[in-house]
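Contents: one structure, followed by commentary.
The values are calculated or read from the model by the stated rules, or taken from the named source; none is laboratory data. Model, not experiment: these values are computed from the prediction. As a convention, Cβ positions derive from the backbone with ideal geometry for all residues, glycine included, and neighbour counts pool all protein chains shown.
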Amino acid sequence: MKFNKKYLLNFLFVALNQFSKSHASSVSQKDLDNFSYGTDEFTMTIHGDTGTGKEATQVMNLAKFDALLHLGDYDYECKPDSYFDNILKYNRSYKFFGILGNHETKQECNESKYYQYVNNIHYQMTNSKNKSTYCTFSSKKTMWSCSYRNMRIIGLSPAISKDEKREEQLKFLKNQLSSSKEDWKICAWHYYDGYYHTGKYPSDENIVSEKGESFYDVCKEYGALIFSAHDHVYARTHVMSKFSYPKVDSYDYKTSSNIVQIRKGATLNILSAVGGYEIYSESGKYKDYSHWQKKFSKGSSGENAKKFGTLNCKFNVGGNNKKAYCEFLRINSSSKVFDSFTIYRNDPSKKSYKDVDNDFLSEKTEAYKKKYGSSSNSSSSTSKESRCGSKYGKCPSGQCCSKYGYCGTGSKYCSLDRGCQSKYGSCKS
């Protein structure tokens, strides 16, 4: 008798998945929510091109965060202390990582002020406020690599620094990525290559990589997230399998726009450059490139001119070191969240993003059982609220638990046809 190998494998996969879910269900969601497991969460806010006006402060106040990654252009008046005195401030409780922008260069200001910017950034990254971060700086301090929590962040200044040439920066990038053991990796620079802006400066080509090896593709090979600025917009690419000539990863088309799956050989680039100074319009072929997943600019009528914002990303969501959740937030807008997406570190040819969640749930459940025993008492306890279900427990005596987890006595709570949950309250047939 011959067996269909593919059928058997699919059958085993489904069976194991169902076993995993049933195994996890013996512990309530409430118990798991209150159980600390996995890698500590942290939130990083990411933006550039801020200036030092009130809008830059408002952007900083959009949400709480543990670390700031600034993508350059701190002020536009060649005042090296202004941003650090007025926006960053001395009593900050978060970590700071910053790179140079074109408005900090010798050409834009002068040599003395340029080095003052370099030294200010270096000081903020090495003072006591940044304790528990471990950074390596190049000799001229215009390149750095920092370890923070379970993340490696690499900051570069191609086409910005005249002291450390592009070839040196590429070598530094490769060395730091190849030696990184952290779960999450970030590449950050101020400028962009030609395919990765939205048209404010249509003559701009590959400012970062020029005609040499693509910095973007080097980062992609390690599954590092790529952040850039200079073009004062917010723009997120699809997950890309090639950057030198844009090629969208085939798996990215198989999920919704709010699911991002990165791995060695596939990642995305995000422009986050509306930190408070000015928002640009998009134009020409650049705005219409098919590799853009989501974009935000000034708008055809200037309707977004004052809606500055930042990208907030929570890493290790719920303790899962393979998962992050990001929101692009705006000030002066009735819709605060413009873009939101979940990042998974997985190879979709071997494991779907849903399996990443299921595997972590199973691991956490087993850890809970090992510590507290295999049973959960939430289904037998009486809810002290008007809610019911696995998270809240049973309804008080005489009440029914509705399909949506509310206690009550009417037909919408007690009718089996309407989904009454008999496990958590009495139901009527």
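Brief remarks follow.
- A count restricted to segment 237-250 and to residues that are in contact with a strand residue (DSSP E or B) (Cβ under 6 Å, 6 or more places away or on another chain) and among the hydroxyl-bearing types (Ser, Thr, Tyr) stands at 2.
- Matching residues in segment 186-207 - criterion: being under 14 Å from Gly155 (Cα atoms) and in a loop (DSSP other than H, G, I, E, B): Trp189, His190, Tyr191, Tyr192
- Top-ranked residue of segment 346-372 - restricted to ones that are aromatic (Phe, Trp, Tyr) and out of contact with any Phe, Trp or Tyr (no Cβ under 7 Å at 6 or more places or on another chain), ranked as modelled with the lowest pLDDT: Tyr372
- Lys391 meets all of the listed conditions (1) in the same structural domain as Thr267 (by the TED database); (2) outside any strand (DSSP E or B) but one, namely (1).
- The residue list Lys322, Lys285, Lys242, Lys295 contains one member that is surrounded by fewer than 17 Cβ atoms within 10 Å (Cβ to Cβ), touching a helix residue (DSSP H, G or I) at 6+ places or on another chain (Cβ under 9 Å) and of a type in the set (D, E, K, R), which is Lys242.
- From the options Ala63, Ala67, residue that is among the hydrophobic types (A, V, I, L, M, F, W, C) and farther than 25 Å from Tyr192 by Cα: Ala63
- Within segment 278-323, the set of residues being more than 22 Å from the chain's Cα centre (by Cα) and charged (D, E, K, R) comprises Glu278, Glu282, Lys285, Lys287, Asp288, Lys298, Glu303, Lys306.
- Selection status of Glu210, among the acidic types (Asp, Glu), outside any loop (DSSP other than H, G, I, E, B), assigned by the TED database to the domain that holds Asp66 and at pLDDT 95 or above: no
- Residue-level check: of (1) touching a residue at least 24 places away in the same chain (Cβ under 8 Å); (2) under 15 Å from the mean Cα position of the chain (by Cα), Val337 misses just (1).
- Flag for Asn269 being in the same structural domain as Tyr195 (by the TED database), crowded, with 22+ Cβ neighbours inside 10 Å and within 17 Å of the chain's Cα centre (by Cα): yes
- Asn86 vs. criteria modelled with pLDDT of 95 or more, of a type outside the set (A, V, I, L, M, F, W, C), over 25 Å from Phe215 (Cα atoms) and crowded, with 17+ Cβ neighbours inside 10 Å: no
- Filtered by the rule that a residue be in a loop (DSSP other than H, G, I, E, B), of a type outside the set (Ser, Thr, Tyr) and either touching a strand residue (DSSP E or B) at 6+ places or on another chain (Cβ under 6 Å) or farther than 21 Å from Thr43 by Cα (or both), segment 84-125 gives Ile99, Leu100, Gly101, Lys106, Gln107, Glu108, Cys109, Asn110.
- Restricting attention to segment 177-194, the residues that are surrounded by 19 or more Cβ atoms within 10 Å (Cβ to Cβ), farther than 15 Å from Tyr134 by Cα and either of a type outside the set (A, V, I, L, M, F, W, C) or out of contact with any Phe, Trp or Tyr (no Cβ under 9 Å at 6 or more places or on another chain) (or both) add up to 4.
- Residues of segment 54-76 classified as in a loop (DSSP other than H, G, I, E, B), surrounded by fewer than 21 Cβ atoms within 10 Å (Cβ to Cβ) and in contact with a helix residue (DSSP H, G or I) (Cβ under 9 Å, 6 or more places away or on another chain), total: 1
Quick grid of which residues meet (1) at pLDDT below 95; (2) surrounded by fewer than 16 Cβ atoms within 10 Å (Cβ to Cβ):
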site: Cys326; (1), (2): no, no
site: Asn332; (1), (2): no, yes
site: Asp339; (1), (2): no, no
site: Tyr344; (1), (2): no, no
site: Ser375; (1), (2): yes, yes
site: Lys394; (1), (2): yes, no
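- Subset of segment 229-282 (residues that are touching a Gly at 6+ places or on another chain (Cβ under 6 Å) and not basic (Lys, Arg)): Ala229, Ile262, Thr267, Ala273, Val274, Gly275, Gly276, Tyr277, Glu282
- A single member of Val218, Val233, Val248 is surrounded by fewer than 24 Cβ atoms within 10 Å (Cβ to Cβ), touching a Lys or Arg at 6+ places or on another chain (Cβ under 8 Å), over 25 Å from Glu41 (Cα atoms) and among the hydrophobic types (A, V, I, L, M, F, W, C), and it is Val218.
- Any chance Lys106 is among the charged types (D, E, K, R), at negative phi and not assigned by the TED database to the domain that holds Thr142: no
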